[in-house]
1. Select from region 14-45 the residues that are under 26 Å from ILE59 (Cβ atoms) and either more than 18 Å from the chain's Cα centre (by Cα) or not in a helix (DSSP H, G or I) (or both) and list them in ascending order.
2. Checking the conditions here, which among ASN57, ASN75, ASN53 is modelled with pLDDT under 75, loosely packed, with under 12 Cβ neighbours inside 10 Å and in a loop (DSSP other than H, G, I, E, B)?
3. Given the criteria under 19 Å from the mean Cα position of the chain (by Cα) and modelled with pLDDT under 60, does ARG65 qualify?
4. List pairs: first residue in region 1-14 and on the phi < 0 side of the Ramachandran plot, second residue assigned to a loop (DSSP other than H, G, I, E, B) anywhere in the structure, Cβ distance under 8 angstrom, at least six positions apart or on different chains.
Amino acid sequence: MVDKYNTDMQLHGAEVVEMMKLAVWCLQSDYRRRPSMTVVVQVLEGLVSVQDNLDYNFINAPARRTMAATREDMNAVDDGTPLLPSVQSGPR
């Protein structure tokens, strides 16, 4: 992902890779494994490192999670109800 012919990217290659890891961490299919915005800011400030055990399997990730997928976490009413963004992104 880091262009070996781009001098700027080569100069900042480590930071580019770190930002890509942060993006992957934010896109984990299990919302409970995603960082809070506070942690994201701390990573950007260099105070916290990105988790090492990230799930890079985006091919088989569910495109749309439903309440049925989180039935253990919540008392769902309808299997076809889309997962609310506040639940999907985790606690605030």
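The values are calculated or read from the model by the stated rules, or taken from the named source; none is laboratory data. Computed from a predicted structure; not experimentally measured. Every residue, glycine as well, gets a Cβ built from its backbone with ideal geometry; the counts of neighbours run over all protein chains shown.
1. Across region 14-45, the qualifying residues are LEU27, GLN28, SER29, ASP30, ARG34, PRO35.
2. Numbers: ASN57 fails: modelled with pLDDT under 75; ASN53 fails: modelled with pLDDT under 75.
Residue meeting the stated conditions: ASN75.
3. On the way: under 19 Å from the mean Cα position of the chain (by Cα): yes; modelled with pLDDT under 60: yes.
Criteria met by ARG65.
4. Qualifying pairs under 8 Å: MET9/VAL2; MET9/ASP3; GLN10/VAL2; GLN10/ASP3; GLN10/LYS4; GLY13/VAL2.
For every residue, the table says whether it meets (1) modelled with pLDDT under 90; (2) within 27 Å of MET1 (Cα to Cα).
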site	(1), (2)
VAL24	no, yes
ASP30	yes, yes
ARG34	no, yes
VAL41	no, yes
GLN88	yes, no
